[in-house]
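Participant: First, the structure itself, so that you have it in front of you.
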Amino acid sequence: MGSRQTLGDYIERYSQTGPWALPVAAAIDAIAAASIDIAASMSDGVSAISGSSTSCKNADGDIQKDLDVHADRVIRRALRCVPVAAIASEEERLPEIRDASARICVAVDPLDGSSNIEINMTVGTIFSIVPTPTDLSAAFQQKGTAQLAAGFVVYGPQTSLVLTLGDGVDIFTLDRGEGCFKLTCRGVRIAVSAPEYAINASNRRYWEPPVRAFIDGCIAGSEGAANFNMRWIGSLVAEAYRILTRGGIFLYPADARDGYSEGRLRLVYEAHPMAFIVEQAGGAATTGYGRILDIAATSLHQRVPLIMGSIDVVQRVEELHNNPQTPSQLTSPLFAHRGFFRV
Ligand code: FDP
Ligand code: ZN
């Protein structure tokens, strides 16, 4: 990876482009440094920080793992030298107020996918950077379109950092020898259409009719000429990385289980940053009824249905939500011939 541009050079150049750019660049630099530390802790399987659970629950009632708590601390510590007005995290009920006069606020999911960490699965860190509004208490109640930057780090066979500064998406890969991220993919574009879906299919009986119709169509072959493949990793960062790499669709819809009327994923530090990245790469992200980035949170840990990926496939699912068909139309041969690959 010798002559590749480093993340440090990349954000240094960006830092000179406008009033917000300097603190945004500093925050990205700090989060990237924290993620190198987290990646090291994670791969050190015999250390004290393991995949074991603490006896604590996070703000949303999920059991916290030792690594969740560790990742949260490492990121907060790294952000100490950055002018940040407030930090919101999946791991804390309320935002931490820092320097109220600072221009930016940061929301993080320190270790996404951690409920499966003990099976040695890919997990990640998600972040979203927003401008500080006049009323600081509304910092994390802005629409997703307000984001200045967003990204995520995937701790997989490689540690990769996906980043958008609002002008496309670039991917950096950790060069372990040199201890820094290097640009490995510039201007990522998500395929307009690709026959691969990801959903937790064990919840089928709880889904709403449009989601059930779409997935049943994929399985039956009526949603397109190509055969659909299926993947479900159970880790949002890994699913998002796959979609950026080879297209397809990811769905975590609302369903009828207790506590899932708005799906599972959190708007501020999961859906907003992912939607920003996916749109910047030419894809789409919706609740089924409307664009994720147009939603403003009313509470920090608010959940939202998230359907994202290749634009043509996502639009097909939106059509099914916005133009409801009767159950008999959904299963009729006519419907079966209106697949988005066939029209
Ligand atoms: P986790 O709770 O392990 O952090 O963030 C929520 C999330 O993981 C996503 O990463 C993942 O896509 C989803 O939950 C997994 O949900 P299921 O348990 O329904 O598979
Ligand atoms: Zn998460």
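The values are calculated or read from the model by the stated rules, or taken from the named source; none is laboratory data. Everything quoted here is computed from the prediction, not taken from an experiment. Glycine also receives a Cβ, built like all others from the backbone with ideal geometry; neighbour counts cover every protein chain displayed. Just so you know, the surface numbers come from the protein's heavy atoms only, side chains and all, with ligands and any DNA or RNA stripped out. Shrake-Rupley method; radii C 1.70, N 1.55, O 1.52, S 1.80 Å.
Participant: Report, for the range 196-336, the % of DSSP beta bridges that are antiparallel, rounded to 5.
Facilitator: 65
Participant: Hey, what D do you get for the range 196-336 in µm²/s if you plug the Kirkwood alpha-carbon radius into Stokes-Einstein at 10 °C and 1.306 mPa s?
Facilitator: Translational D for this selection: 105 µm²/s.
Participant: Of all GluC sites (Glu not before Pro) in the range 138-246, which ones are in loop regions per DSSP and have a Cβ with at most 11 other Cβ atoms within 10 Å?
Facilitator: Answer in residue order: Glu178.
Participant: Counting Lys and Arg as +1 and Asp and Glu as -1, what is the net charge of the other residues whose Cβ lies under 11 Å from the Cβ of Leu136?
Facilitator: -1
Participant: Under the classification rounded if a/c is under 1.5, otherwise prolate if a/b is larger than b/c and oblate if not, where does the range 153-223 fall, given a ≥ b ≥ c as square roots of the Cα gyration tensor eigenvalues? Don't jump to the answer; show the numbers that get you there.
Facilitator: On the way: a/c = 3.29, a/b = 2.32, b/c = 1.42.
It comes out prolate by the Cα gyration axes.
Participant: What residues qualify as long-range amide H neighbours of Val84, i.e. H under 5 Å apart, gap of 5 or more or another chain, H built at 1.01 Å from N?
Facilitator: Those lying under 5 Å, H to H, from Val84 are Asp99.
Participant: In whole Hz, with x marking every Gly and Pro, tabulate ³J(HN,Hα) for the range 188-194 from phi via Karplus 6.51 cos²θ - 1.76 cosθ + 1.60, θ = phi - 60°.
Facilitator: Once θ is set to phi - 60°, the couplings for the range 188-194 become 4, 10, 7, 3, 4, 8, 7 Hz.
Participant: From the protein chains alone at 1.4 Å, what is the descending order of accessible area for Thr159, Thr134, Thr6, Thr17, largest first?
Facilitator: Of Thr159, Thr134, Thr6, Thr17, the descending order of accessible area is Thr134, Thr17, Thr6, Thr159.
Participant: Give me the accessible area per residue for the range 57-209, probe 1.4 Å, as a whole number in Å².
Facilitator: Per residue, the range 57-209 has 41 Å² of solvent-accessible surface.
Participant: Something else: Under the classification rounded if a/c is under 1.5, otherwise prolate if a/b is larger than b/c and oblate if not, where does the range 250-289 fall, given a ≥ b ≥ c as square roots of the Cα gyration tensor eigenvalues?
Facilitator: Working: a/c = 3.42, a/b = 1.96, b/c = 1.74.
The shape class here is prolate.
Participant: Can you tell me, using C-alpha contacts under 8 Å and at least 6 residues apart, the relative contact order of the chain as a whole percent?
Facilitator: 15
Participant: Also: Please list, ordered by chain and number, the residues whose modelled amide H lies under 5 Å from the amide H of Lys182; skip anything fewer than 5 residues away on the same chain.
Facilitator: Here the answer is Leu7, Thr173, Leu174, Asp175, since their amide H atoms fall under 5 Å of that of Lys182.
Participant: Now for a different question. With every protein chain left in place, what is the accessible area of Val69 in Å² (1.4 Å probe, nearest 10)?
Facilitator: The accessible area comes out at roughly 40 Å².
Participant: Just to check I understand the Karplus step: with θ = phi - 60° and J = 6.51 cos²θ - 1.76 cosθ + 1.60, what whole-Hz values come out for the range 260-276, glycine and proline as x?
Facilitator: 10, 5, 10, x, 10, 7, 8, 5, 5, 10, 10, 5, 4, x, 5, 5, 4
Participant: If amide hydrogens are placed 1.01 Å from N in the peptide plane, which non-local residues have theirs closer than 5 Å to the one on Gln64?
Facilitator: Result for Gln64 returns Thr54, Cys56, Lys57, Asn58.
Participant: Using θ = phi - 60° and the Karplus curve 6.51 cos²θ - 1.76 cosθ + 1.60, what whole-Hz ³J(HN,Hα) does each residue of the range 230-240 get, with Gly and Pro shown as x?
Facilitator: Using θ = phi - 60°, the values come out as 10, 9, 9, 8, x, 9, 4, 4, 5, 5, 5 Hz.
Participant: Separate question: Ser137: accessible area at probe 1.4 Å, nearest 10 Å²?
Facilitator: 90
Participant: Rank these by accessible area, largest first, 1.4 Å probe: Glu92, Glu118. Please list the in-between numbers first.
Facilitator: Values: Glu92 85, Glu118 115 Å².
Greatest to least solvent exposure: Glu118, Glu92.
Participant: Now for a separate question. Would you look at the GNM of the chain, springs on alpha carbons closer than 10 Å, and say which of Leu165, Leu136, Leu300 moves the most?
Facilitator: The residue with the greatest mean-square fluctuation here is Leu136.
Participant: Something else: Just the accessible area for Glu318, please: 1.4 Å probe, Å², rounded to the nearest 10?
Facilitator: The accessible area of Glu318 comes to roughly 50 Å².
Participant: From the protein chains alone at 1.4 Å, what is the descending order of accessible area for Arg264, Arg176, Arg231, Arg316, largest first?
Facilitator: Arg176, Arg231, Arg264, Arg316
Participant: Classify the chain as rounded, prolate or oblate from the Cα gyration tensor: take a ≥ b ≥ c as the square roots of its eigenvalues, call it rounded if a/c is under 1.5, otherwise prolate when a/b beats b/c and oblate if not.
Facilitator: Note, shape of the chain comes out prolate.
Participant: Separate question: Just add up the charged neighbours of Gln5: K/R +1, D/E -1, any other residue whose Cβ is under 14 Å from the Cβ of Gln5.
Facilitator: -1
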